[in-house]
């Protein structure tokens with residue numbers, strides 16, 4: 001992997017996104033992109049809502065079903081960067097359409113899987129598509145708008161992920177409870193194909209910066225020979241630190257969230273019919289957090305991350321210690337959802353504002369790897385804790401990991417300021 005990938009230069013080259021004159025804000029294209037994100041995240045996280053049903057049907061433990069999230073995420077970690085390099089010269093628009101079709105295939109295979117091993121294989125296929133998808137989507141919205149509108153564009157795009165928690169996972173869970181978990185994946189596969197059509201029709205194409213860099217460019221004053229190798233980009237260290245923070249944050253979150261369904265039913269004592277509504281309420285709170293991040297913290301992502309992580313740590317601690325008091329526990333769950341809703345848009349905004357245009361696509365691919373490494377390791381750690389110390393301890397482990405991430409967020413501000421000095 002290289003952070004010194006070829007770039008387009010001014011003059012005869014295409015204009016860079018940072019210097020593109022402001023035009024009409026691409027609402028329709030960003031909403032189409034957000035819809036694709038919605039489907040992708042729903043596909044990734046649906047097993048968390050159907051964990052008990054899939055466990056009974058496949059004849060494996062709940063921790064084994066939880067590890068499906070790890071299989072999916074680790075596939076993303078191992079393949080996202082190689083796939084990004086293999087497809088770096090392919091048009092981004094067509095690539096997203098292709099990936100959604102592969103997503104549909106993955107969900108069909110999951111729905112008709114005869115056993116647990118086949119489900120794992122189908123999730124690996126989905127992970128291949130997911131890694132490539134996020135390697136493209138991470139920078140796509142930034143290429144559609146000038147730099148001063150990146151936070152707004154990212155918030156709209158990431159909203160699809162938040163809405164997946166609000167509607168996608170809860171509705172998939174409800175459908176699975178009503179008609180069986182396999183039908184949920186069939187319906188999701190159909191929606192993936194619809195999403196491919198929507199992207200093909202409504203998402204604007206962008207200038208792709210993966211083409212081979214010329215040896216020279218012609219300017220008004222003559223021909224300029226370009227250096228064979230570009231100097232090391234000065235934003236690499238700051239980008240790497242943001243990615244480390246992202247990985248640690250996701251490890252903590254998915255250590256707990258992957259097993260939220262059994263936590264609600266076993267530790268909080270809610271009925272199985274109340275799990276989907278509570279997940280829906282959690283997602284609604286996350287949508288409110290997304291709105292807050294876009295309106296209040298779009299120009300101050302650092303402050304938003306510090307506040308969001310602090311509130312998450314407090315609310316999850318209250319949740320862990322108040323399971324016997326249902327109203328208080330539910331209130332803490334909703335506050336946690338509100339705080340976590342700010343994380344994905346603020347982390348990605350921080351990344352895209354930190355990275356230079358030259359490494360933005362590569363930085364997004366590394367960010368995707370870090371994000372999914374966190375998801376996979378979190379689900380794996382949660383499975384270990386579930387078997388060793390019990391589910392009641394898992395949220396407290398999450399709090400400890402989150403405090404580490406908070407300390408690194410504070411450190412990252414110093415690193416980024418020094419790089420800009």
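The values are calculated or read from the model by the stated rules, or taken from the named source; none is laboratory data. Keep in mind it's a predicted model, so treat the numbers as computed, not measured. We place every Cβ from the backbone using ideal geometry, glycine too, and count neighbours over all the protein chains shown.
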Check your understanding: Has the stretch 10-21 got at least one residue that is at pLDDT below 80, touching a helix residue (DSSP H, G or I) at 6+ places or on another chain (Cβ under 7 Å) and outside any helix (DSSP H, G or I)?
Key -> yes
Exercise for review: Say whether the condition of being more than 19 Å from the chain's Cα centre (by Cα) and surrounded by 22 or more Cβ atoms within 10 Å (Cβ to Cβ) is met by at least one residue in the stretch 388-399.
Suggested key: yes
**Study point:** Candidate set from the stretch 217-268 (those that are in a helix (DSSP H, G or I) and more than 30 Å from residue 320 (Cβ to Cβ)); member that is modelled with the highest pLDDT
**Key:** 240
Exercise for review: Could you tell me which of the residues 60, 97, 102 is surrounded by fewer than 23 Cβ atoms within 10 Å (Cβ to Cβ) and either in contact with a strand residue (DSSP E or B) (Cβ under 8 Å, 6 or more places away or on another chain) or not in a helix (DSSP H, G or I) (or both)?
Suggested key: 60
Check your understanding: What is the number of the single condition among (1) within 19 Å of the chain's Cα centre (by Cα); (2) surrounded by fewer than 18 Cβ atoms within 10 Å (Cβ to Cβ); (3) within 23 Å of residue 50 (Cβ to Cβ) that residue 291 does not meet?
Key -> (3)
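Yes or no: residue 286 within 24 Å of residue 352 (Cα to Cα) and under 17 Å from the mean Cα position of the chain (by Cα)?
yes
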Check your understanding: Within the stretch 377-421, how many residues turn out to be outside any helix (DSSP H, G or I) and either at pLDDT 85 or above or closer than 30 Å to residue 51 by Cα (or both)?
Key -> 2
Exercise for review: Pick out the one residue from 114, 146, 214 that is more than 22 Å from the chain's Cα centre (by Cα), farther than 27 Å from residue 346 by Cβ and modelled with pLDDT under 80.
Suggested key: 214
**Study point:** Condition broken by residue 85, with the remaining ones in (1) crowded, with 18+ Cβ neighbours inside 10 Å; (2) touching a residue at least 24 places away in the same chain (Cβ under 8 Å); (3) within 29 Å of residue 244 (Cα to Cα) satisfied
**Key:** (1)
Exercise for review: Might you let me know whether the stretch 310-318 holds any residue that is surrounded by fewer than 18 Cβ atoms within 10 Å (Cβ to Cβ), in contact with a helix residue (DSSP H, G or I) (Cβ under 7 Å, 6 or more places away or on another chain) and modelled with pLDDT under 85?
Suggested key: no
Review point. In the list 351, 279, which residue meets the criterion of being in a helix (DSSP H, G or I), modelled with pLDDT under 90 and within 16 Å of the chain's Cα centre (by Cα)?
Key: 351
